[in-house]
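A short worksheet on the structure shown next.
The values are calculated or read from the model by the stated rules, or taken from the named source; none is laboratory data. None of the values given here were measured: they were computed from a predicted structure. A quick note on method: Cβ atoms are made from the backbone with ideal geometry, for glycine too, and the neighbour counts reach across all protein chains shown. Please note that ligands, DNA and RNA were not included when accessible areas were found on the heavy atoms of the full protein model with its side chains. Shrake-Rupley method; radii C 1.70, N 1.55, O 1.52, S 1.80 Å.
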Amino acid sequence: MKLPIIVYPDKKLKTVSQAVEDFNTDLHKFLDDMYDTMIESNGIGLAAIQVAKPDRILLLCIPDEDGEQDKKDLLEIINPKVSNEKGTIVYQEGCLSVPSFYEDIERYEKLTLDYQDRHGKEMRLEAEGLLSVAIQHEIDHLDGKLFIEKLPYGRRKKFEKEYKKLQKSNK
Ligand SMILES: [Zn+2]
C-alpha cells in the first residue's frame, strides 16, 4: 500500500529517528508499504521519516545499467552505521520530499555500512558511487537533515525562492 510522502518544509522532516528494536510483523508490513511507496513514486531510496515514521529505516533500490529497478536489488536497511568513509564524489541528487529539485552535492565516494535486515540479522556491505551517495542521503533523513542544507548560501537562497514559487503555483 502506498503511503503519503511528507514534503519540505514539513517540520517532521527535522525529526531525529529512533533505533528499531522490534523486528516483528508490523515492521515487515511497514517495509512492504515503504517499498510500494518508493516504487510508485519513482524513487531509488526512501527513509521512514519521509512517510512520517521516526524509525531508523531506509530502503534503497538502485537501478541497473538499463535503468531498470529490480526487486532483487532491494536493500532494507535498519539501524544503519557508516564507517571507513573515503574519497569524494559529486552527484546530482533529488529527493521525494523536495519535489522537482536536483542539485550537485559532494559526498564520500566509498564507505562501509553495518545494518540489520528485517529479521534483525547483522549485515555489512561495502558501497561506492551511487549506492554510497544514496546511503548518505537517506541516513541524513534519519538524522533530520535534507540535502538542500548542504548547498552553499547563495544556491540555498535561490532554492528557497524558487521552491516557494513552485509551491504557490501547485496550489
Ligand atoms: Zn531524500
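Checking each residue in the stretch 72-123 for being surrounded by fewer than 15 Cβ atoms within 10 Å (Cβ to Cβ), touching a residue at least 12 places away in the same chain (Cβ under 8 Å) and basic (Lys, Arg) picks out 81, 86.
For the stretch 132-165, a residue qualifies if it is surrounded by fewer than 20 Cβ atoms within 10 Å (Cβ to Cβ), touching a strand residue (DSSP E or B) at 6+ places or on another chain (Cβ under 9 Å) and not aromatic (Phe, Trp, Tyr), and the qualifying residues are 140, 146, 148, 150, 151, 155, 162. Yes or no: the stretch 23-42 includes at least one residue that is part of a helix (DSSP H, G or I), open to solvent by less than 30 Å² (accessible area, probe 1.4 Å), under 24 Å from residue 132 (Cβ atoms) and away from the ligand (no atom under 15 Å from the Cβ). Yes, that holds for at least one residue. Every test in (1) in a helix (DSSP H, G or I); (2) within 16 Å of the ligand (Cβ to nearest atom) is passed by residue 94 save one, and that test is (1).
The numbered conditions (1) more than 13 Å from the chain's Cα centre (by Cα); (2) over 20 Å from residue 35 (Cβ atoms); (3) at pLDDT 95 or above are all true for residue 93 except (1).
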